[in-house]
Structures are given as structure tokens and as C-alpha cells.
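The values are calculated or read from the model by the stated rules, or taken from the named source; none is laboratory data. Predicted model only: the values in this text are computed from it and were never measured. As a convention, Cβ positions derive from the backbone with ideal geometry for all residues, glycine included, and neighbour counts pool all protein chains shown.
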Amino acid sequence: MLVPRPRNDKSRSPQRPRRQASGRPCYDRGVISLVLPLRDEGEPWWSRVAHVAADFEIIAVDGGLTRAPEPPFPSRVLVLPGMSRGARLDRGAREAGGNVLLFLHADSRPPPDARERIERAIAAGAPAGCFLLRFDAETPALARIARWANRRTRWTRLPFGDQGIFCTRDAYRRAGGFRDLSICDDVDFVRRLRRLPGFAVLPAACETSARRYRRPARRVLRNAAVLAAYYAGVGPERLERWYRRDL
């Protein structure tokens, strides 16, 4: 197991946000932690975040059978075999040094100005928010899926983990954090996080891999069925079996 390097930089210590006279939190520029869940990724996991590595504290929470490779930039890899994705993300959040947290699936690429956009949103009073979605392949079917996902996000404030979900540390605590779920952990978390006033949908997209959408219609139906089953109270083990069944 990779032992996290000591954090001696005082700027990485979580701090309680200052407040203006109006009661709105004052945002101090500091560390923003990007937490990525890994699980036997088929390509170097760091390739999709290398362009923003200088802007974030990168923390990968690895639950795969094989150890994730070390990236060519400073990062922390927490090897957590046997833990659900939700439990690993919560561990990453607790280990993170930032006052702001960004959670993103490992097959997604954040926009190059992700940090600047997050900072502006939080400085404007948003406790949390997300990005929009696009795919790394351009087909009519994928374009329709992305449009629908973005409408869902704007209308219901319900993004998924491949879009990137950010929040202040205080908002993470108030929402209860990620729970010990192997699937739908992002939906479960956002349903609580969006109750905080001011959840922001930023007008920039994270670009996610289209590899899971070789058969777009079947994948969309599978996702919808799993989501409906989650709302109906089906257990996470069964949900994960359904989701990962070959299409």
C-alpha cells in the first residue's frame, strides 16, 4: 500500500470558512482537492487529469485488483482494496487537504479552467455544484445522450460522477458525505448535496469516455433501469450486478 506523503504545508490544513457581514462564506484561494476513484483502469488513469495537475491536489482512491501506476506529477494514491466506491471517495475526502473538493470519475476529463470556474462559483456563494457532460466521441446518438443528461442536470440538479461534482468541505460535512455504496453513490450523495441553497451548474463540460456506450440505446436503458431500481430500494450488490452485466 502506498503510504501518503506527509502534508507539512499549512495551506493544506482544512479551515472553517470566513463569512462576510451578510453571512455568505468568504472564499480564500487555497488547495482544491480532486478525488478520483480507480478500479483497474484500462489506460493510465492520470492521462485525463494531467492538464490540470498543477491546479489541484490529486488524490486517487484505488479499489482495483492491480495497483494503479504512478503518474508523472505529484499525487497521492490510496490503495483501498475491497472497499466500495462510495467508501473510497469518502476516505479520499477525509484524507484531502483542500477546503474545496472535486469528485470526478477516472474516465472523465475536466475542463482546463475547472479550478477557475469552481473558485468563481464558490466566491459567488455556491456551496456546491457540477459541470455539464460531453463525450470524447462525436456521434448523433452520443450527442443526444449528452443533451438529455445536461437538461436533467439543469432541471433537477442531479449530475452524475462523470460530470464532476464539487463542494466546500463544510457542504460535504453538512450533506453527510459519500455513503458505503458500490453504485449510485454519486446519485445518493447529490440528492443530499443539492438541498443546500445555491447548488450551481457551471456552463462548461467534463469530457467522458464513450467506451461504455458501444451500444448507446442499451446502455441508456440499463442506466435508467438501475436508477429506477435504486429509487425503489434495491440493494447495491444487485444493482452493481445489473449495471456491470455485459451488453
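Brief remarks on what is shown
- In a residue-by-residue description of the range 184-193, the property of being in a loop (DSSP other than H, G, I, E, B), closer than 27 Å to GLU138 by Cα and within 15 Å of the chain's Cα centre (by Cα) applies to at least one position.
- Residue count, the range 165-180 (criterion: crowded, with 24+ Cβ neighbours inside 10 Å and over 17 Å from VAL31 (Cα atoms)): 1
- Which listed residue is part of a helix (DSSP H, G or I), of a type outside the set (Gly, Ala, Ser) and at pLDDT below 95, from ARG212, ARG144: ARG212
- Across the range 215-247, the number of residues qualifying as assigned to a helix (DSSP H, G or I), without any contact (Cβ under 8 Å) to a residue 24 or more places away in the chain and more than 24 Å from ARG134 (Cα to Cα) comes to 5.
- Qualifying residue in the range 160-174 (condition: free of Cβ contacts under 8 Å to residues at least 60 places away in the same chain, over 14 Å from the mean Cα position of the chain (by Cα) and over 21 Å from ASN99 (Cβ atoms)): no
- Just one of the listed residues (ALA210, ALA205, ALA217) is farther than 27 Å from LEU80 by Cβ, within 15 Å of the chain's Cα centre (by Cα) and not aromatic (Phe, Trp, Tyr), namely ALA205.
- When ALA146, ALA53 are screened for being of a type in the set (A, V, I, L, M) and touching a helix residue (DSSP H, G or I) at 6+ places or on another chain (Cβ under 9 Å), only ALA53 passes.
- Residues within the range 84-99 that are without any contact (Cβ under 8 Å) to a residue 60 or more places away in the chain and assigned to a loop (DSSP other than H, G, I, E, B), tallied: 0
- If you filter the range 70-95 down to residues that are over 25 Å from GLU240 (Cβ atoms) and not polar (S, T, N, Q), you find that the one that is modelled with the lowest pLDDT is GLU70.
- A residue that is over 14 Å from GLU207 (Cβ atoms) and part of a helix (DSSP H, G or I) occurs nowhere in the range 100-107.
- Scanning the range 216-234 for residues that are more than 30 Å from HIS51 (Cβ to Cβ) and surrounded by 12 or more Cβ atoms within 10 Å (Cβ to Cβ) gives LEU221, ARG222, ALA225, VAL226, LEU227, ALA229, TYR230, VAL234.
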